[in-house]
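Q: Could you have a look at this structure, given as structure tokens, before my questions?
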Amino acid sequence: MATATKAKPLGKVIHFYDKIGVAIVELAKAVKVGDPVTFQRGEQEFTQTITSMQVEHKEVEKAKKGDVIGMKVDEVVKEGAVMVAG
């Protein structure tokens, strides 16, 4: 975990839809489908690969800094969690 905490944030979770398992992430850096990412909040963290994401309710392969994406996540993530390169 020590190396992960030094990673520059890719984005921050601003909302989580628990019924459908989707995190809304405001991006600080560009990401693309296939990128491994780690979500961190306090002592909790988990890693997964971006399998799909949407911008403005449209499926996209990549998103840029400043975009707000919706992505399916494998575990519950809380608002305020940081997404870093996995």
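Q: Please give the net charge around Lys78, taking every other residue with its beta carbon less than 14 angstrom from that of Lys78, where Lys and Arg add +1 and Asp and Glu add -1.
A: Net charge around Lys78: -3.
Q: How many percent of all Cα-Cα pairs in the stretch 2-85 sit more than 18 Å apart?
A: Tail of P(r) above 18 Å: 32 percent of Cα pairs.
Q: What net charge is computed for the residues neighbouring Gly34, neighbours being all others with C-beta under 12 Å from the C-beta of Gly34, Lys and Arg scored +1, Asp and Glu -1?
A: Spelling it out: positives minus negatives among the neighbours equals 0.
Q: Can you give the longest run of the chain that contains no trypsin sites (Lys or Arg not before Pro) sitting in a DSSP loop with at most 15 other Cβ atoms inside 10 Å?
A: With a cap of 15 other Cβ atoms within 10 Å, the longest stretch comes to 30-63.
Q: Hey, got the dipole for the chain? About the Cα centre, +1 on K and R Cβ, -1 on D and E Cβ, debye to the nearest 20?
A: Here the size comes out at about 320 debye.
Q: In whole percent, what relative contact order does the stretch 5-68 give with Cα contacts below 8 Å and a gap of six or more residues?
A: About 30 percent, as a whole number.
Q: If you filter the chain for GluC sites (Glu not before Pro), then keep DSSP loop positions with at most 15 other Cβ within 10 Å, what is left?
A: Of the GluC sites (Glu not before Pro), the ones in loops of the chain whose Cβ has at most 15 other Cβ atoms within 10 Å are Glu43, Glu56, Glu61, Glu75, Glu79.
Only the coordinates and a few stated rules stand behind these numbers; no lab work does. Every value quoted in this text rests on a predicted model; they were computed, and no experiment measured them. So basically every Cβ, Gly included, is an ideal-geometry build from the backbone, and we count neighbours across all protein chains shown.
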